[in-house]
1. What number of residues within the stretch 142-170 satisfy the criterion of being within 17 Å of Leu127 (Cα to Cα) and open to solvent by 60 Å² or more (accessible area, probe 1.4 Å)?
2. Condition first: open to solvent by less than 10 Å² (accessible area, probe 1.4 Å) and closer than 16 Å to Ile75 by Cβ. Now tell me which residues in the stretch 1-20 satisfy that.
3. Sort through Arg79, Arg63 and tell me the only one that's outside any helix (DSSP H, G or I), basic (Lys, Arg) and either modelled with pLDDT of 85 or more or surrounded by 19 or more Cβ atoms within 10 Å (Cβ to Cβ) (or both).
4. Checking the condition modelled with pLDDT under 60, open to solvent by less than 80 Å² (accessible area, probe 1.4 Å), closer than 22 Å to Val48 by Cβ and not hydroxyl-bearing (Ser, Thr, Tyr), which residue from Asp113, Asp98 passes?
5. Out of Tyr36, Tyr23, I need the residue that is open to solvent by 40 Å² or more (accessible area, probe 1.4 Å), in contact (Cβ under 8 Å) with a residue 24 or more places away in the chain and out of contact with any Ser or Thr (no Cβ under 7 Å at 6 or more places or on another chain). Which one?
6. Just checking, how many residues over the stretch 3-32 are of a type in the set (Lys, Arg) and in contact with a Gly (Cβ under 7 Å, 6 or more places away or on another chain)?
Amino acid sequence: MKVNNDLVVRASKGDKDAFSDLYYSCYKDLYKFALYTIGDAEEAADVVSDTFVEIWKGIGKLRDPSSFGSWVFRILSVRCKKEISDVIKRRGIYNFDDLIETPSQGSENIEEDISESASLASALSKLEGEERMIVVLSVLHGYTNREIAEMIGKPQGTVSSKLHRTYAKLREMLGGENNG
């Protein structure tokens, strides 16, 4: 998640317009993370909204504007962890329509794209919450194992081994393909 440090500095000084710009610049990434972690569109939106309330309350205490992204994901991951057990207890299933993105109009093989997205969504739904969180932070958002470890409060070695095991699990669920 790329964020303009100037916006962070201005928002930390109480600039509501800068905070609004921050909100719009990172909402989509945070929402995707919450959606893939929780598996419910409404719950994901609620968790992200609650996260932004917490960000607004705490941004004035943020010392290093360049750490905004990891700080925000730490807040969001704590909220997701808290919410995920309740969601699973209440629903017991995932709404796959929320997890599958519609292919772009220029796609040559829409049926194949949809099938691959559905297979991936299904495989992700079978992972434990923390496994999904680590994969989403790594693959969708490009965070390093060190950054993820810092965000979720686990040792880097734990994150690395969990990510490796989760990739193996996903490969097995997706037909044993070895994509690296």
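1. 4
2. Answer for the stretch 1-20, where residues must be open to solvent by less than 10 Å² (accessible area, probe 1.4 Å) and closer than 16 Å to Ile75 by Cβ: Val8, Ala11.
3. Arg63
4. Matching residue, one of Asp113, Asp98: Asp98.
5. After ruling out the rest, the residue left standing is Tyr23.
6. Number satisfying all stated conditions: 0.
The values are calculated or read from the model by the stated rules, or taken from the named source; none is laboratory data. Note that the structure is a prediction, hence the values are computed from the model and not measured. Backbone-built Cβ (ideal geometry, glycine too); neighbour counts: all protein chains shown. Side chains included, ligands, DNA and RNA excluded: accessible areas come from the protein's heavy atoms. Shrake-Rupley method; radii C 1.70, N 1.55, O 1.52, S 1.80 Å.
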